[in-house]
Structures are given as C-alpha cells and as structure tokens.
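The block underneath contains the structure these notes are about, expressed in structure tokens.
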Amino acid sequence: MNTSAVLARLNNLSISKITWMAMSMFSKHSSASNDDLPRALNVDPSECQSSILSIIESDIIPRLLRAERVNRTFLTLVPALRAMPSKQEIDTFVDLCFSKDQFAAQAFVNQMMKEGLSTDHIFLELITPAARQLGAKWDLDQIDFVDVTHGLVRLHAIAHEIGFANQDGPVIEGDVKRVMIASAPGSQHLLGPTIVAEFFRKEGWQVVIEISPSKKELVRAVSNEWFDTVGLSVSIAPQLTDLADLVDQIKQFSRNPRVAILLGGPIFTVQNLQASDFGAGGICVDAKEAVSLARSLQPSD
C-alpha cells in the first residue's frame, strides 16, 4: 500500500482520532501503541510499515543526508590523518545512537574528528552509512519505529553540531512557497509531521521536515533558510510552557521577517487554547485544512 492509500484511509477516520494517533504516535511521552494506526486503518501492519519506510526513505533521510544533492565529485576531501570509519566503527556508532547517554554518539564523532577526519568525512563516511543502516534494520524488523526515530534524531543533531545541516536551502523568497514542519522540543515523532507534509506537497509547497530535538536547532534552521510558514506540532502539556518563547525566537531570527507560525497537534484537541496565547498565527487540528490556513496567513503584497 502506498502513502496515498494510507492517507486516503486516514481521511475516513474522525478528525480527533487522526490527530491523536498521527501527531502523538511514536512520541516518547505518548501512550499510543505502535499497533494503533494499522488496526484503526484496517490494514496489514506490514503494509503500513512499508508505507512509513517509504516516507522515511523519500522525505526524512534525504533531508538529513542531502542524498539527492551531495555528490562526491563536488566535494574536496583533504586526505585524512586516520583511516575512514570501518564497518565495525559504523556499527558501534549506530549502537551509540540508541544509547541512553545522549552525548555518547557525539563524543564518538568528536574523537574521530580529533584524530583527523573532517566534517565531510564524518558526513559521507559515518553519518550516511549509519542512516542507511537504520533504514535497513527497520526494513528487516530488527528495530521498531521508535528506535528509527531516536536514531535519526541523534544523527540529525550531530549533523547540526558539526555544521553540515541547513547549508543549501534558499535564503530569499522564491516563486514556490516553503514550509518547515517540526515537532516542538520535548517529543520525537515523525509520522504526524509526514502526514501533514503530504497535504502541503500535494498543493505544490516545498516541504522540510525538521526533526531537531531542541529550540536552538529549530531557530538555527529558520535563520539559515527561507520559509513562508513554520508548522509546530505540540503533543503534551509540558511543551506549552516554552511554546510562546519558541514562536518569538522563530519570528526574531527567521530569514523571512513575515513568517507565519501555524500550531497543531493533539494538545489543542483537549485544551481550549488560542493561537494568540503563543504569538502564533493560527491553530489547526485537521491536517486537511492546514494548507488553506497556512495560505490565509500569508501576507498580501
């Protein structure tokens, strides 16, 4: 079953059920089971897994790895002082991405750079094969979606840390509208943002799914690239505490001085909140209406 078929099934569910499952599923703080979506959609779990894997491979990993843009022939790699990462080192690095020690994987990278590898070496010879290994492990049912998410978030954070992320996005307004969709800091989920992204993409928007785990990295993303709209998915009440400050920081440092901020996620279906409470332009709990709301928030010239 392809992504469109899954989305078609999602359209037949109640909006509140879609929102709760899609936007909170796979979050560290969610009680939703990995089996909830396939059961609700009345599809074989393996079919749903295949569809989600397709989304990861076509949207998440290319953004993380720049797989569609990075070409070795255009990179000048200064010879390293040490050998390239071995298969055993890559395996160790992948394991560290699952570690409870959030600094272990970064420390591993720092040591390799201290030994003589450049950021290009780390990106091409360590992060790239590690991300592919995550996808392969998921495809073979060796890890679950939570593990995939956790690993990708770690890789993404390291890419930010070594300065390899957000280098090639446009910095000025273009003819095509661009939207960044991200989870608010405090949760690590991908399925909700990818579902919302599909609706924007169908309407001709360029979509970036940001899986940064911190406010600092989200702000860095909008300061490096032009976005017409930023959509933030909020899952749980504790994320509301710093939400207004996050929105303010995005507005302050955005390349686009008139960027529109759109909020969504399950918390807005259970609490009566206003967008103005957080300095945002609007709240949307229906993925199908997200594009029209984002369009209405665009400044008129």
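Before moving on, here are some points about what is shown:
- Residue match in the range 206-219 (condition: without any contact (Cβ under 8 Å) to a residue 12 or more places away in the chain, more than 30 Å from F145 (Cβ to Cβ) and surrounded by fewer than 19 Cβ atoms within 10 Å (Cβ to Cβ)): no
- For S223, the requirement of being among the polar types (S, T, N, Q) and touching a Phe, Trp or Tyr at 6+ places or on another chain (Cβ under 8 Å) is met.
- Residues that are farther than 16 Å from S99 by Cβ and under 18 Å from the mean Cα position of the chain (by Cα) within the range 130-150 comprise A131, R132, G135, W138, D144, F145, listed in sequence order.
- Checking L262, L243 one by one, the residue that is in contact with a strand residue (DSSP E or B) (Cβ under 7 Å, 6 or more places away or on another chain) and at pLDDT 90 or above is L262 and no other.
- Annotation note: of I181, I127, I158, the sole residue that is at pLDDT 85 or above, assigned to a helix (DSSP H, G or I) and either assigned by TED's automatic domain parsing to the domain that holds A104 or under 16 Å from the mean Cα position of the chain (by Cα) (or both) is I127.
- The range 105-120 - residue that is assigned to a helix (DSSP H, G or I) and in contact with a Lys or Arg (Cβ under 9 Å, 6 or more places away or on another chain) and, of those, surrounded by the fewest Cβ atoms within 10 Å (Cβ to Cβ): Q106
- Screening the candidates E203, E225 for the property of being touching a residue at least 60 places away in the same chain (Cβ under 8 Å) and either in the same structural domain as V146 (by TED's automatic domain parsing) or not basic (K, R) (or both) yields one hit, E203.
- Any chance A107 is at pLDDT 90 or above, outside the structural domain of T194 (by TED's automatic domain parsing), under 26 Å from the mean Cα position of the chain (by Cα) and not basic (K, R): yes
- Among residues of the range 245-257 that are in the same structural domain as A221 (by TED's automatic domain parsing), those with a Cβ under 8 angstrom from a residue that is assigned to a loop (DSSP other than H, G, I, E, B) and of a type in the set (F, W, Y), sequence gap 6+ or separate chain, pair up as V247/F278; S254/F227; R255/W226; R255/F227; N256/W226; N256/F227.
- Of all residues making up the range 236-272, the number that are surrounded by 13 or more Cβ atoms within 10 Å (Cβ to Cβ) and of a type in the set (D, E): 2
The values are calculated or read from the model by the stated rules, or taken from the named source; none is laboratory data. What you see is a predicted model; the values in this text were computed from it and never measured. Reconstructed Cβ throughout: ideal geometry from the backbone, glycine too, with neighbour counts over all protein chains shown.
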